[in-house]
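The values are calculated or read from the model by the stated rules, or taken from the named source; none is laboratory data. All values derive from a computational prediction rather than experimental measurement. A quick note on method: Cβ atoms are made from the backbone with ideal geometry, for glycine too, and the neighbour counts reach across all protein chains shown. Note: areas computed on protein heavy atoms with side chains; ligands, DNA, RNA excluded. Shrake-Rupley method; radii C 1.70, N 1.55, O 1.52, S 1.80 Å.
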Amino acid sequence: MSDAAVVGAGIAPGNGDLPPPAVVVRDLRHRFGSHVAVDGIDLTVKRGEVFGLLGPNGAGKTTTIRILNTLLPVQEGHVEVFGHDVSRSTMAVRRLLGYVPQQLSIEAALTGRENVSWFARLFDVPRRERRSRVDDALETMGLGDAADRIAGTYSGGMVRRLEPAQALVNRPRLLVLDEPTVGLDPIARDGVWQRVEQLRRSTGMTVIATTHYMEEADALCDRVALMHLGMLRAEGTPEQLEQEIGPDASLEDVFRHFTGGSLDDDTKGGLREVRSARRTARRLG
Ligand SMILES: Nc1ncnc2c1ncn2[C@@H]1O[C@H](COP(=O)(O)OP(=O)(O)O)[C@@H](O)[C@H]1O
Ligand SMILES: [Mg+2]
């Protein structure tokens, strides 16, 4: 499809009754020097869905979402957010987006409420709305009771719920979470996803999350795209993709099928799981 056709399809007002999708990516390519991090991907994220961008470390997930949230320029290709071309309507796109980066963004010496209030000021939330928006955001992420505790005393799972709370004070229409659960134990990971799911249900917000934990995406994303070496290998609902492979296939099996390789060790749950698997083996042996 030509660029003009894509732009027309998304942006032109009165072009049919369908509102533009949350995100449209066409033939996106991104290089860091001679290294090609994103190698020609096409992607559509529908309004109101929880979309998982999956793949091992180095696949190009963070690069892709940093382009769509305007932190990196579009070098080649076309990206639209709710019909806005990200290279031309940068400010409009930023206003629609909440972004939780992979690196921690909270201040340990402040309380949960102070951390979120700081973002409310940063985003220019009107003063008279600040208090209620901050309360809502904390409540939505299940931190109402812990709001006045110093964030340094929070568990890993609570910290990872405080970050989306920061992004929520801006009332974004699209929430982008980069590895929201990395480093958490399975129960805390589940807690983060459950809150995201509730958020989507109560607000109709669109959510994009990257993860290299296949099993949690399987349970919690409406649709997923599998990324490997800068390319998308498959896109669909987890069930669709698994059925293509065979009965009882998991998303990990799907990933192996499309990449012809194995996931990196990280994906299998990390040291913690390896240790507990070893302990179980010793007990049984
Ligand atoms: N700022 C950068 N400069 C050079 N190379 C980078 C930079 N950011 C990412 N890369 C490289 O691009 C590839 C994709 O990285 P990234 O998008 O972070 O992958 P993922 O988020 O899937 O782990 C990796 O090989 C990474 O080393
Ligand atoms: Mg990343």
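Here are some residues: Ala37, Ala109. Which one is away from ligand 2 (no atom under 16 Å from the Cβ) and either open to solvent by less than 20 Å² (accessible area, probe 1.4 Å) or at pLDDT 95 or above (or both)?
Answer to the check: Ala109.
Can you name the residue in the range 192-211 that is assigned to a helix (DSSP H, G or I) and open to solvent by 20 Å² or more (accessible area, probe 1.4 Å) and, of all such residues, is nearest to Gly48 (Cα to Cα)?
Per the criteria, the residue is Arg200.
Please name all residue pairs, on different chains or six or more residues apart, with Cβ atoms under 7 Å, provided the first residue is in the range 56-78 and is modelled with pLDDT under 95 and the second residue is assigned to a loop (DSSP other than H, G, I, E, B) and near ligand 1 (Cβ under 8 Å from one of its atoms).
If the second residue must be assigned to a loop (DSSP other than H, G, I, E, B) and near ligand 1 (Cβ under 8 Å from one of its atoms), the pairs left are Pro56/His212; Asn57/His212.
Pull up the range 157-174, narrow it to residues that are in a loop (DSSP other than H, G, I, E, B) and open to solvent by 10 Å² or more (accessible area, probe 1.4 Å), then point me to the one that is farthest from Gly144 (Cα to Cα).
Selected residue: Arg173.
Those residues that are open to solvent by less than 10 Å² (accessible area, probe 1.4 Å) and more than 16 Å from ligand 1 (Cβ to nearest atom), I need them from the range 175-188; list them, please.
Leu175
Do the conditions hold for Val100, that is, is it more than 17 Å from His228 (Cβ to Cβ), within 16 Å of ligand 2 (Cβ to nearest atom) and in contact with an Asp or Glu (Cβ under 8 Å, 6 or more places away or on another chain)?
Criteria met by Val100.
Of the conditions (1) open to solvent by 20 Å² or more (accessible area, probe 1.4 Å); (2) within 16 Å of ligand 1 (Cβ to nearest atom); (3) of a type outside the set (Ser, Thr, Tyr), Asp145 fails just one. Which one is it?
(2) is the only condition that Asp145 fails.
Being over 16 Å from Ser105 (Cα atoms), in contact with a strand residue (DSSP E or B) (Cβ under 7 Å, 6 or more places away or on another chain) and of a type in the set (Gly, Ala, Ser), is that true of even one residue in the range 187-204?
The answer is no, given that none of the residues of the range 187-204 is over 16 Å from Ser105 (Cα atoms), in contact with a strand residue (DSSP E or B) (Cβ under 7 Å, 6 or more places away or on another chain) and of a type in the set (Gly, Ala, Ser).
Would you confirm whether any residue within the range 48-66 is closer than 19 Å to Val207 by Cβ, open to solvent by 20 Å² or more (accessible area, probe 1.4 Å), more than 13 Å from ligand 2 (Cβ to nearest atom) and touching a strand residue (DSSP E or B) at 6+ places or on another chain (Cβ under 9 Å)?
yes
Got at least one residue in the range 167-174 being touching a residue at least 60 places away in the same chain (Cβ under 8 Å), under 27 Å from Arg256 (Cβ atoms) and of a type outside the set (Asp, Glu)?
no
How about the range 196-235: which of its residues are basic (Lys, Arg) and more than 14 Å from ligand 1 (Cβ to nearest atom)?
Hits for the range 196-235 are Arg200, Arg201, Arg223.
Among the residues in the range 232-246, are any open to solvent by 40 Å² or more (accessible area, probe 1.4 Å), over 22 Å from Leu43 (Cβ atoms), at pLDDT below 90 and not in a helix (DSSP H, G or I)?
Scanning the range 232-246, I find no residue that is open to solvent by 40 Å² or more (accessible area, probe 1.4 Å), over 22 Å from Leu43 (Cβ atoms), at pLDDT below 90 and not in a helix (DSSP H, G or I), so the answer is no.
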